[in-house]
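The structure under discussion appears below in the form of structure tokens.
Coordinate-derived values only; no laboratory data. These figures come from a predicted structure and were not determined experimentally. Every residue, glycine as well, gets a Cβ built from its backbone with ideal geometry; the counts of neighbours run over all protein chains shown.
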Amino acid sequence: MGENNDNINIINNVNNNYNINSDNVGGDSSNKVRLIKYEESTNKEFILKYLVNIKNDYIEKQMRALYECREVYKDDIDEVINILTYALKNNDSVLLRHEIAYVIGQISNEKCNNILINLLSDENENIMVRHEAAEGLAAIGSESNIPVIKKYLNDSSVEVRETCELALSSLIEKNKYAACSCINKTVPYKNNVLNNDNPKRDSNNNSNNNNNNNINNNNSNSHSNSFSNSQDDADDDIYFHSKKKFNTIDPVVCISDSNNKKHVNDLIRDLNNEALALKNRYEALFLLRDMETDTSLNALGEALVNDKSSAIFRHELAFVLGQ
């Protein structure tokens, strides 16, 4: 009964704020009112059209609306939560629900914890969505998420189990060092990606700005400009574990140490060692990504093709190569 009331409150809140007729929400796509043309939409209108008014349709526009929502409402976390919660309740698309869970985690605000906990705890939810919810809880980094994650270390899904093992390790590390002055500030603890110029999937952030400038789509958002130039070109085979090249919250924490240097061959060996703990293989994966050399990137591609041990490991390899 309480859940039904929550659903009604969410719908009423969205409808009242934006004067949306509830008769037009959901239902048969043929009966939906197309409020505005794509070319004429403002960012907020576009967001509300494809995340609130339209259900299970126009997936490419829903994806764009999702990333615009994160940026347009970056100073209003309550509104982001309101819209994305409604979008989750109103859409069955596994791809969209997975991406919503990802965005919520990257927002890295503790107000979002309950949304992700609900997704993770629902055994009827798609495994990919539950995986992303667990990863998102680690990205947020709240100490209170540790006992939540522990509940699912023995989940019936191997993908959820493995994700929770990684998430638990990440949460312990983040909370271990969060109050310690010795932590290197290049590690993005409690990082808020809402204020980032380099979102993890910025191809979804190429917004239509004909009517307003709410989204910043200058060249700093392109993949070609998402890397720093801190690596010494003369020493490509050595990774100095002191800089983080991507402004995204990764699934594992690599504690920065300027005295810790690893040769690319060591990282490739760890990457491909199926007997090694998944956390260590993930660390190698992200360090090789940050090296951004032909050798390191080829190793990631070969691992994607050859690995037979873990679906989420291959999932992350594919994502990193996309970055």
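Structure notes:
- Cα shape, the stretch 57-138, gyration tensor, a/c 1.5 rule: oblate
- Mean Cβ count within 10 Å, highest first, over the residues of peptides 49-55, 310-316, 291-297: 49-55, 310-316, 291-297
- Taking the fewest neighbouring Cβ atoms within 10 Å as the starting point, the ordered list for S93, S121, S156, S170 is S156, S121, S93, S170.
- The calculated FRET efficiency for the pair A318 and D75, based on their C-beta separation and a Förster distance of 45 Å, comes to about 0.85.
- For the listed peptides 268-280, 70-82, 124-136, a ranking on the average number of other beta carbons within 10 Å per residue, highest first, reads 124-136, 70-82, 268-280.
- A Förster radius of 41 Å combined with the Cβ-Cβ distance from N272 to E143 puts the calculated FRET efficiency at roughly 0.75.
- Restraint check, K44/K89; K55/K279; K111/K176, Cα-Cα greater than 29 Å: K55/K279
- For the stretch 152-176 versus the stretch 274-323, the gap between their alpha-carbon centres in whole angstrom: 19
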